[in-house]
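Working notes for the structure below.
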Amino acid sequence: MRKKVLLMGKSGGGKTSMRSIIFANYSAKDTRRLGATMDVEQSYVRFLGNLILNLWDCGGQEAFMECYFAAQKDNIFKNVEVLIYVFDVQSQELDKDLHYYQSCLESILQHSSQAKIFCLIHKMDLVPEDMRESLFNERQSILTNVSKPLQCSCFRTSIWDETLYKAWSQIVYQLVPNVKGLEKTLTNFADIIDADEILLFEKATFLVISHCTRKPHRDARRFEKISDIIKQFKLSCSKLTAAFQSMEVRNSTFACFIELLTPNTYVMVVISDPSISSEVTLMNIRNARKVFEKLEKDVSRN
Amino acid sequence: NQTSNRNMNPFIRPRILLTGLRRSGKTSIQRVIFTKMQPSQTQFLESTPHLTLNQFSCGSFINFQVQELPGQLTLFSSGLSGGSGGNHVQPSSYDDDTMTNVIGGNYDLERLLKRCNAVVYIIDAQDDYSESILRLNTIIQKGRRINPRIRYEIFIHKVDQLSEEAKIETQRDIHNQVRDRFADPIGGIDSWSPTPHTSNSSSQEILINFHLTSIFDHSIFEAFSKVIQKLIPQFAHLERLLNYLLSTSNIEQAFLFDVQTKISIATDSSPTDIQMYELCCDMIDLLINMSEIYGQPSENNIRRLSDDDEDEDEYVNEEDENNQGDNSEQHEWNLVAQNDDYNENNVQINGSRKDSYLNSPLGTPPVMNHQSSTLLETTNEPASAVFDSMSSSVIKLTGGRALYLKEINRHLALICILREEALTKQALIDYNVRQLKKSIIKLFRLNYQMSRSHVSSSTMLD
Ligand SMILES: Nc1nc2c(ncn2[C@@H]2O[C@H](COP(=O)(O)OP(=O)(O)OP(=O)(O)O)[C@@H](O)[C@H]2O)c(=O)[nH]1
Ligand SMILES: Nc1nc2c(ncn2[C@@H]2O[C@H](COP(=O)(O)OP(=O)(O)O)[C@@H](O)[C@H]2O)c(=O)[nH]1
Ligand SMILES: [Mg+2]
């Protein structure tokens, strides 16, 4: 199963940077080396077994943009599953940015009217912290307006913090087949082993694709923080030419395990009952593998 | 006075004097290591035009004072020639000695040198460093006279912008300049670290090390670790304990880390590389970050925890109390001590007269003793609330490697690197680590008691 994802927006906006961090293990610092993307760069990312993401990173220089809406229009805008439009929050030419965005929407409406649309207000780290909220709300309402009759979801992002993972996790969530079935199985599993919380990560990206929370938690941003934390650690392992495999962390109030669940997913189990030993939890995770593997296979067969 | 005796005792806490010219990166280094500031945020730090004393008391072992010299004063260094260091021994002559002012108050400097175990000197490698080296040389000369045991750790700093060759070239150049300008007036100093000739043993021997550092990677943490390791009197003993753990538990490498600062206070005696060191640092980050999300003690838990502590191993318990007592008294004592120093010098403590240096016309040497404002800051990072007696972690990597972390006390974590096979006997490792933990805590307790009863006061490094 192949799904086409379009990445568009002004040159220098940060498209290639985000793609490289999420899918190619770049660190935020590494992105400073990236040059402008020439024309369209396609890449394929294996994602959850049979699902293959076909990313179209469309270079944003004006000459290319004009071309996308003219000669290349059919080729680019047909069969699009997801459109990600990146706005550089520091751009001085909002009107022009919006103009291109609207041209893009017209083409989408014409060729792939079912596509899900995401707008990322990017480089938010450059905006003073106390202004981020209001600026984002302002941009969001403008974008919601100009997007009509299509619907768009807006996120604020920066490659320098966890907001990146929040946005991309939501995007990817749209692409995961049988999300509901996955959630149900996860809940079942959590009940059996009495976990506070279980998260399911896509293996390559460590984005959260499903979760089950049985005990309320004060931090609503924890999922993207965890993606960020683990990705950072994975990067530092790769310096030693070793790769991260599994993890157990605990103190006197919790124990947390990250283990491979299926060939394409990691699971994270959080338990606060100190009387449950590590061995038991690890064994439970091992036993759950079959169930999840079967679920994944069934999905990809359909 | 018992308190001051205990705290003066280098057997417990090495004292480091961190100094260097204005904008060399002193404040940034402190902020990054001790208050977790993001390196990129340091560009917004303002340089203070005051003489600043900063008292850091982090973890159980790292305690140092930072003397920051306002840059304006260096203007008066132009009239110097190399040899003025040894001439003025009489306190009365200090007031009109420009050199004194350049160094940031001769009297203070002598005091600080007398009491410190190491001087960490920061040189900005991206800048013209000749003036900085001049100042360094003066300090070394003074130090040699006042306190020959001092180690000099030269941080060739901000090397992140330099190529590999430029780094080596800069290091060689600075090395030579320090040697030439310094060796000449004194004569006959031929013992240069990293491998000082032990045959040449005498008070003439000066220990100087060079480190290439930057706050944008782990090099600053590693360099600081090396400085600390050489100063911790328990280091040899700790190293032996870690070696023993290695041999009994099939472990490849072991580090003892101060969790708060990510300074490694001891390692086993096998050679370590910076990548391993970095990975250990990142493991601490991982542990603390995850614990902050899921392992925050709730109100009830805090109570329960402290109750638990009481019926735990007696060593652990006592150590904690000792630390607390030590910290607070340390803190108090330092304030008193500084008061003494500066009252003699007529310098205000926590003074708010920020105008003094800035307003003094450049032609007149500012008179340190009467006009400066001195800021005394005390940074006493509390131990992380989520790092507790049950903190531990195991991480498996591909290629059969694994990392193992265990809490030793509120401030210290043991990190081991081992083969995954060794983990099949994790119970054995757990047991051995518990024994190690007891030995380490005993070791520090012993030292504490010894210092308390005034035994062995000045014998560190021997
Ligand atoms: N401050 C900040 N800089 C960012 C962020 N994301 C990307 N950048 C920087 O922006 C620059 C340009 O990023 P690219 O990813 O090459 O931009 P692009 O959208 O692919 O540009 P084209 O390929 O020309 O369309 C890089 O130097 C990135 O490091 C962000 O969130 N914050
Ligand atoms: N490139 C680089 N800049 C640094 C480094 N350390 C500090 N700086 C910068 O040097 C400047 C002066 O640092 P500061 O700590 O205020 O110097 P101080 O006057 O010695 O305390 C700041 O802008 C820092 O961001 C480093 O390792 N690399
Ligand atoms: Mg690009």
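The values are calculated or read from the model by the stated rules, or taken from the named source; none is laboratory data. Everything numeric in this text was worked out from a predicted model, so none of it was measured. Note that we place each Cβ from the backbone using ideal geometry, even for glycine, and neighbour counts take in every protein chain shown. Surface accessibility is based on the protein's heavy atoms, side chains included, excluding ligands, DNA and RNA. Shrake-Rupley method; radii C 1.70, N 1.55, O 1.52, S 1.80 Å.
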At 37 °C and 0.692 mPa s, the Stokes-Einstein diffusion coefficient in µm²/s for chain A, with hydrodynamic radius from the Kirkwood sum on alpha carbon pairs, is 160 µm²/s
Taking each residue in A:219-231, count the Cβ atoms of any other chain within 10 Å of its Cβ, then average. What number comes out?
2
Under a 1.4 Å probe, counting only protein heavy atoms, B:Leu246 has an accessible area in Å², nearest 10, of 30 Å²
Output wanted: per-residue J couplings in Hz (rounded whole) for region A:187-193, from phi through Karplus 6.51 cos²θ - 1.76 cosθ + 1.60, θ = phi - 60°, x for Gly and Pro.
4, 4, 4, 4, 4, 4, 8
Cut-off under 27 Å on the C-alpha distance; same-chain residues fewer than 8 positions from A:Lys148 excluded. Which lysines are left, in chain and number order?
A:Lys3, A:Lys4, A:Lys10, A:Lys15, A:Lys73, A:Lys78, A:Lys96, A:Lys116, A:Lys123, A:Lys166
Go ahead and run the numbers for FRET between B:His237 and A:Gln232, Cβ-Cβ distance against an R0 of 45 Å, rounding to 0.05.
0.85
So for the pair A:Ile276, A:Leu109, with labels modelled 7 Å out along Cα→Cβ, what separation do we get in nm?
5.1 nm
Whenever you get a sec, compute what percent of the accessible area on region A:2-173 sits on carbon and sulfur atoms (1.4 Å probe).
46 percent
For the pair B:Ile168 and B:Tyr244, what calculated FRET efficiency results from E = 1/(1 + (r/R0)^6), where r is the Cβ-Cβ distance and R0 = 45 Å, to the nearest 0.05?
0.75
In Å², rounded to a whole number, the accessible area per residue of region A:2-173 with probe 1.4 Å is 47 Å²
For the pairing of chain A with chain B, what total accessible surface becomes buried, with a 1.4 angstrom probe, in square angstrom to the nearest 100?
2800 Å²
Shape verdict for region A:2-173, please, from the Cα gyration tensor: rounded (a/c under 1.5), prolate (a/b greater than b/c) or oblate.
rounded
Return the Rg/Rh ratio of region A:179-301 with Cα-based radii and a Kirkwood Rh.
0.95
Whole-Hz Karplus couplings 3J(HN,Hα) for region A:80-86, θ = phi - 60° and coefficients 6.51, -1.76, 1.60, Gly and Pro as x, run 7, 8, 9, 10, 10, 10, 9
Per residue, what accessible area does region A:179-301 have, given a 1.4 Å probe and all protein chains present, in Å²?
43 Å²
Just tell me which lysines come within less than 17 Å, Cα to Cα, of A:Lys297; anything on the same chain fewer than 8 places away is out.
A:Lys180, A:Lys184, A:Lys203
For chain A, what is the calculated [θ] at 222 nm in deg cm²/dmol (nearest 500), taking -39500 (n - 2.57) for each run of four or more DSSP H residues and dividing by its residue count?
-13500 deg cm²/dmol
